[in-house]
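Asker: This is the structure I want to talk about, given as structure tokens.
The values are calculated or read from the model by the stated rules, or taken from the named source; none is laboratory data. This is a predicted model, so every value here is computed, not measured. Cβ: placed from backbone, ideal geometry, glycine included. Neighbour counts: every protein chain shown.
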Amino acid sequence: MTVFTVTGVVRYSQVILQADTVKFESNSQLVLAPTEKNMNAPNTLTIIAGEITIADHAEITYDLDGLPGLDPETPAPPTLTTAPNGFDGGSSGGEGAYPQASNGGDGQPGNTGQKGIAGINAPELEIFVGKVNQSFPDAILVDFKGQDGGKGGNGGNGGQGGAGQKGAASQTSDSWYDGDQCDREPGKGGNGGKGGDAGFPGRGGKGGNGGIVKVFAMKQTLPLVQTWKYVVNGGKGAPPGNPGAPGNGGAGGPQGDQNDPCPARAEYAGSNGPSGLSMNDVDPNWGTDYAGSNGLDGDVGQNEISGLPS
């Protein structure tokens, strides 16, 4: 007679668990997960037992990603990277051409954040059992919920707009009758470049699909397995990362140097460039629109059998 005993947390990495008796000690867990003997755990498990005995409460679940925490309870890891910032706009030095100096270059938009890691799909579980010995109706929790997705990465900041170039200087000449005269007023300064738009956030990771759980029990046992608790919901989609910050517009270039008797023209200064668009400007609902989609719910079924498979 073969007995497979689950004490504490037992990690199991085979496709089939077959025994005359599968015995769950108090508050024990059977976890489909990689082990030292099998680093690639399958995504299916079939339990064939003449009898299942539960001391009080037990759990059957999975942990396929090899990270701390069971997959149904622990989301996929967040994406911690931040995308590169956009390049700053260029600025021309010195004095510009007349009548208006060169404008500053536009900042480039920040790069889009990396998409979040998708949650793992829950495995498929089949249980064939002849007899169940339990003290509580919810003696076994089968937690095959899909894993929640991982948060997306952060978007990069928009580049700064380039500064406008300084305007050309005013020009004067000597007049034989009244001294210096203004031949050309100060040139207009170049306008500042537009700031780069904020980088889009990385989309949240998709939630994993819930598992498929099928229990096949003898007629007298079927009502007992129907009282177990089954969790096969799809995992939740993760939130997106943070968007980048928009770049500031470049400063307008000053008017050209003023030489008497030419008048000063403060209004000839170039205008400051506009800031880039924020994520709220682009999509006020980005927190929802860029979240990962939820996984699909799994399925549970209990069926009567007349005998166990060999």
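Asker: Could you please let me know if residue 85 is out of contact with any Pro (no Cβ under 8 Å at 6 or more places or on another chain) and modelled with pLDDT of 95 or more? Break it down stepwise before answering.
Answerer: Working: out of contact with any Pro (no Cβ under 8 Å at 6 or more places or on another chain): yes; modelled with pLDDT of 95 or more: yes.
In short, yes.
Asker: Check 68, 72, 77 and return the single one that is buried (at least 22 other Cβ atoms within 10 Å of the Cβ), closer than 26 Å to residue 141 by Cβ and of a type outside the set (Phe, Trp, Tyr). Before you say what the answer is, go through the steps one by one.
Answerer: Numbers: 68 fails: buried (at least 22 other Cβ atoms within 10 Å of the Cβ); 77 fails: buried (at least 22 other Cβ atoms within 10 Å of the Cβ).
Just one listed residue meets the conditions, 72.
Asker: If you don't mind, another one. Name the helices (runs of 4 or more DSSP H) wholly inside the range 211-304 in which the number of residues that are in contact with a helix residue (DSSP H, G or I) (Cβ under 7 Å, 6 or more places away or on another chain), touching a residue at least 24 places away in the same chain (Cβ under 8 Å) and buried (at least 22 other Cβ atoms within 10 Å of the Cβ) is 3 or more. Steps first, please.
Answerer: Working: elements: 222-225, 279-282, 286-289.
No helices (runs of 4 or more DSSP H) qualify here.
Asker: Can you spot a residue in the range 41-59 that is at pLDDT below 95, under 29 Å from residue 236 (Cβ atoms) and either buried (at least 20 other Cβ atoms within 10 Å of the Cβ) or among the charged types (D, E, K, R) (or both)?
Answerer: yes
Asker: Applying the selection to the range 34-57, what residues are farther than 18 Å from residue 9 by Cα and either outside any loop (DSSP other than H, G, I, E, B) or among the acidic types (Asp, Glu) (or both)?
Answerer: 44, 46, 48, 49, 50, 51
Asker: If you don't mind, another one. What tally of residues in the range 1-30 results from selecting those that are surrounded by fewer than 17 Cβ atoms within 10 Å (Cβ to Cβ), more than 33 Å from the chain's Cα centre (by Cα) and at pLDDT 95 or above?
Answerer: 11
A quick yes/no check of all residues on (1) part of a strand (DSSP E or B); (2) within 22 Å of residue 84 (Cα to Cα):
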{"site": "103", "(1), (2)": "no, no"}
{"site": "120", "(1), (2)": "no, no"}
{"site": "135", "(1), (2)": "no, no"}
{"site": "141", "(1), (2)": "yes, no"}
{"site": "159", "(1), (2)": "no, yes"}
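Asker: For residue 77, indicate whether it is in a loop (DSSP other than H, G, I, E, B) and at pLDDT 95 or above. Working first, answer last.
Answerer: Details: in a loop (DSSP other than H, G, I, E, B): yes; at pLDDT 95 or above: yes.
So residue 77 fits the description; yes.
Asker: Something else now. Report, by residue number, each residue of the range 252-287 that is in contact with a Pro (Cβ under 9 Å, 6 or more places away or on another chain), farther than 30 Å from residue 186 by Cα and of a type in the set (S, T, N, Q).
Answerer: 278, 280
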